[in-house]
Amino acid sequence: MKIENYELKGTKLPIITYPDPVLTAVAQPVTEFGEPLKKLVEDMLFTMYHAPGIGLAAPQIGKSIRLFVIDINYEKETVTNAEGKAVTKFTDTQPMVFVNPIITGKSGTTTYEEGCLSVPGVYEEVKRFETINVKYQDLDGNEHTIDADDLLSICIQHENDHLDGIVFIERLSNLKKNFYKKKMIKEKAR
Ligand code: ZN
């Protein structure tokens, strides 16, 4: 669901990095629709835009619930304001929110170089379905379906994986997977 009349506000939440148990847990369905959920989504979008990233799933900010936000469209730039101060500006924002998503149809294959805010510095080609059909709820609990292709399809599959406790490096060859796992564990230990 696209959020209409979106106004960028909220709190920047800390992003959990791999390895952390919350990133490998299967998230629970969202059952409460109301102000706390809306506030959480506002903060997740704020966090995603400032990171910057094109998607953020609830487990990445430590909440093991089936929810993610996406914006594959916006531009982030730093501009100098009238007082000569550098400020961050976001244009063409088109935030989308998916609550309790289920991928109900998938076809074709595509590859794309993916990255993840929870796996900083790693960019690798991942094989995904080209086109998907997704059933999900909006912030009021109403059900919707969407057909997605291109980057939106890839992004939804990446974020949906987070809800199943799958970080994108799990989708790589065993060799690469083990390499990055060891690297991330070492970096975190430092
Ligand atoms: Zn990710």
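The figures follow:
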| quantity | calculated |
| --- | --- |
| Candidates 139, 56, filtered to the one that is in a strand (DSSP E or B) and in contact with a helix residue (DSSP H, G or I) (Cβ under 6 Å, 6 or more places away or on another chain) | 56 |
| Residue check for residue 100: farther than 17 Å from residue 2 by Cβ, within 17 Å of the chain's Cα centre (by Cα) and either away from the ligand (no atom under 16 Å from the Cβ) or among the aliphatic types (A, V, I, L, M) (or both) | yes |
| Out of 152, 117, sole residue that is open to solvent by 20 Å² or more (accessible area, probe 1.4 Å), in contact (Cβ under 8 Å) with a residue 24 or more places away in the chain, closer than 16 Å to residue 57 by Cα and outside any loop (DSSP other than H, G, I, E, B) | 152 |
| Single match in 26, 30 (criterion: surrounded by fewer than 18 Cβ atoms within 10 Å (Cβ to Cβ), touching a helix residue (DSSP H, G or I) at 6+ places or on another chain (Cβ under 9 Å) and either modelled with pLDDT of 95 or more or in a loop (DSSP other than H, G, I, E, B) (or both)) | 26 |
| Criterion violated by residue 94 - all others in (1) open to solvent by 70 Å² or more (accessible area, probe 1.4 Å); (2) in contact with an Asp or Glu (Cβ under 7 Å, 6 or more places away or on another chain); (3) of a type outside the set (D, E, K, R); (4) closer than 21 Å to residue 164 by Cα satisfied | (4) |
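Matching residues to (1) among the small types (Gly, Ala, Ser); (2) in contact (Cβ under 8 Å) with a residue 40 or more places away in the chain; (3) within 17 Å of residue 153 (Cα to Cα):
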| residue | (1), (2), (3) |
| --- | --- |
| 35 | no, no, no |
| 44 | no, no, no |
| 75 | no, no, no |
| 87 | no, no, no |
| 104 | no, yes, yes |
| 108 | yes, no, yes |
| 133 | no, no, yes |
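The values are calculated or read from the model by the stated rules, or taken from the named source; none is laboratory data. Only a predicted model underlies this, so the values are computations on that prediction, with no experimental measurement involved. Note that each Cβ is placed from the backbone with ideal geometry, even for glycine, and that neighbours are counted across all protein chains shown. Surface accessibility is based on the protein's heavy atoms, side chains included, excluding ligands, DNA and RNA. Shrake-Rupley method; radii C 1.70, N 1.55, O 1.52, S 1.80 Å.
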